[in-house]
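What follows is calculated from the coordinates using simple rules that are stated; it is not laboratory data. Predicted, not measured: the structure shown is a model, and the values here were computed from it. Note: ideal-geometry Cβ built from the backbone for every residue, glycine included; neighbour counts use all protein chains shown.
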Amino acid sequence: MTTGYVYDPIFLKHTKRGHPEGASRLEAIMAELEATGLLSALQRIPSRAATPDELSLIHDPMYIAEVKAKSQSGGGYLDMDTYVTPDTYAAATTAAAGTVDLTLAALDGVVDNGFALVRPPGHHALYFQGMGFCVFNNIVLAAKVAQKERGIERVAIVDFDVHHGNGTQPMTEVDPTILFVSTHQYPFYPGTGGVEEIGRRAGAGFTVNLPLRVGVGDAGFMALYSEIVVPVVRRFEPQLILVSAGYDAHWSDPLASLGLSLAGYTWISQTLAGLAADVCDGKIVFVLEGGYNLPVLSAGVANSIRALMGRDDMADPIGPSQQESPDLTGYIAQVKSIHRL
């Protein structure tokens, strides 16, 4: 099993002192991968910057120009949470192209699967606006390019970040060729992702939102994946699975509280990798999104990479949550009824 990755030092230059989404996140991940020997076992895919024409496949050209101009003029904000520095445009375009190129490398057999170690993250980025720390929607661009350039008919995007991918959903919700499945804390930022949001027009039924209350924990996530996420993806029969991988659903993350442990995250990663092996010849790419407890983030990414490599070992220096998982039987039955599972 050959697992690829994409990384570029430019990602570290998009940073702002005191902001939770800073360079220290990726620095911690890279240090963990080097210390555990995982990095040397991975195949690096070369990085490059996406062009405005490439980005315009999913973003308004005026918005792309706005990000570039704001970077060139010294920086600022796209919204109250999303900063721009002189290096943001270079970092964000490289994150977008890197995610695309890693995905194409997996489809072309250069690697079997991969993890895009990129930032700024992307799943909150809208067609016309950056928000929630996100500038360009890396994962949707990869899905669209895979369809356009490799003839992929069906792509599944699974999002386990604690926040709803409110940028990913509107970019895919009318498209029956892209399945979007999201587990997220609710009600919580950004306030979208209700269970009744199932897609629109031709895409109705191809958006599956699993809004969750505090403290779902490992047992709850295992039930949700076993009874909803895996069956709905399997039914869709994707040729490619892309994963918005946020590690902020961990019980100790400072920005949220869904109660997952690192063992739970490892189980999810192994489950998704196994699902990909069953339904799409193992073609799966994880794309970094959130996660703000650095020891959790770095160990979580390392564990996901082990899962992609087919290894069953993991590291959990933090331990499990002490909160008991709630009974989700009734909720799972409700969602299964909505989606006819």
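Quick notes
- Scaling against 2.2 N^0.38 Å puts the C-alpha radius of gyration of the stretch 87-228 at 1.05.
- Gyration tensor (alpha-carbon) shape descriptor, the stretch 220-304, a/c threshold 1.5: prolate
- Charge dipole (Cα centre; +1 on Lys/Arg Cβ, -1 on Asp/Glu Cβ; no other charges) of the stretch 3-338 amounts to roughly 440 debye.
- Rounded FRET efficiency, nearest 0.05, which uses the C-beta distance separating MET62 from ALA35 and R0 of 45 Å: 0.55
- Applying 1/(1 + (r/R0)^6) with r as the Cβ-Cβ distance of VAL214 and GLN43 and R0 = 45 angstrom yields a FRET efficiency of 0.70.
- This model, with +1 at the C-beta of Lys and Arg and -1 at the C-beta of Asp and Glu, gives the stretch 1-154 a dipole about its Cα centre of some 160 debye.
- Placing a pseudo-label 7 Å from each Cα along the Cα-to-Cβ vector at GLU153 and GLU27 gives an inter-label distance of 4.9 nm.
- Approximate shape of the chain as ellipsoid semi-axes (Cα gyration tensor, √5λ), whole Å, largest first: 27, 22, 21
- Among the DSSP helices (H) of the chain, those spanning at least 15 angstrom by Cα along their long axis with an average Kyte-Doolittle hydropathy of 1.0 or more are 294-308; this is a geometric and hydropathy rule only.
- Amide hydrogen proximity for LEU212: with H placed 1.01 Å from N in the peptide plane, the residues at 5 or more positions away or on another chain lying under 5 Å are HIS184, GLN185, TYR186.
- Counted over the chain, the DSSP beta bridges are approximately 10% antiparallel.
- Extension gain for GLN72-VAL110 works out to 10.1 nm (0.36 nm per residue, less the C-alpha to C-alpha distance).
- Between ASP278 and ALA315, the C-beta separation translates, for a Förster distance of 25 Å, into a calculated FRET efficiency of about 0.40.
- Ordering of 114-126, 73-85, 286-298 by packing [mean C-beta count within 10 Å, highest first]: 114-126, 286-298, 73-85
- The 3J(HN,Hα) values that the Karplus relation (6.51, -1.76, 1.60; θ = phi - 60°) gives for the stretch 124-133 are, in residue order, 8, 6, 8, 3, 10, 7, x, 6, x, 6 Hz. Gly and Pro appear as x.
- Residues whose amide H falls under 5 Å from that of VAL174, counting only those 5 or more places apart or on a different chain, are ARG200, with hydrogens built in the peptide plane.
- Gained length - PHE128 relative to ARG235, 0.36 nm times residue gap less alpha-carbon distance: 35.3 nm
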